[in-house]
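Chemist: Before anything else, here's the structure in question.
The values are calculated or read from the model by the stated rules, or taken from the named source; none is laboratory data. Here the structure is a predicted model, which means the values were calculated and not measured. Don't worry about glycine lacking a Cβ; one is built from the backbone with ideal geometry, like all the others, and counts go over all protein chains shown.
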Amino acid sequence: MSDARDILDWMAKSEEEGGGGKRAEWIDGGSKSVAWIWWKRPEEWAGLIADWVENTGQKNVVLTVYELLEGEATMSQGRLSGFAPNHWSLNVLVKRGKAQVFGSEGQEGVKFF
């Protein structure tokens, strides 16, 4: 188990720190028993979402998170449908000033700028 933690620690470090490009994230604090493994980091997913918004004219449009993840428009893209790190990626866009998320759990909406 120690070897697995060492690998995940390496994956969690940035490339500048000599790590694996933040492709893992410990989610249980100091015990390091549960981690997310990213095949695409939230920042990369955020870039794909931003590209889709730009390419499909979705700026200033309100979509539900469900529409974004499971809607026909994104399913035809084949890139966004069913991706797991949705909230992390949307939070990246919020921090960049490119989106606003609102509503309650299960009924979230998102507006892109």
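Chemist: Across the stretch 18-51, what is the number of residues that are buried (at least 18 other Cβ atoms within 10 Å of the Cβ), part of a helix (DSSP H, G or I) and not hydrophobic (A, V, I, L, M, F, W, C)?
Modeler: Number satisfying all stated conditions: 1.
Chemist: Another question about this same structure. Among the residues of the stretch 52-83, count how many are at pLDDT below 60, farther than 17 Å from Gly109 by Cα and surrounded by 12 or more Cβ atoms within 10 Å (Cβ to Cβ).
Modeler: Here is the first cut: in the stretch 52-83, the ones at pLDDT below 60 are 75-79, 81-83.
If we keep only those that are farther than 17 Å from Gly109 by Cα too, we end up with 75-79.
Checking the rest, the ones that are also surrounded by 12 or more Cβ atoms within 10 Å (Cβ to Cβ) come to 75, 77, 79.
Summing the residues that are at pLDDT below 60, farther than 17 Å from Gly109 by Cα and surrounded by 12 or more Cβ atoms within 10 Å (Cβ to Cβ) in the stretch 52-83 gives 3.
Chemist: Which count do you get for residues in the stretch 1-39 that are closer than 30 Å to Phe112 by Cα and touching a residue at least 24 places away in the same chain (Cβ under 8 Å)?
Modeler: Final tally of qualifying residues: 4.
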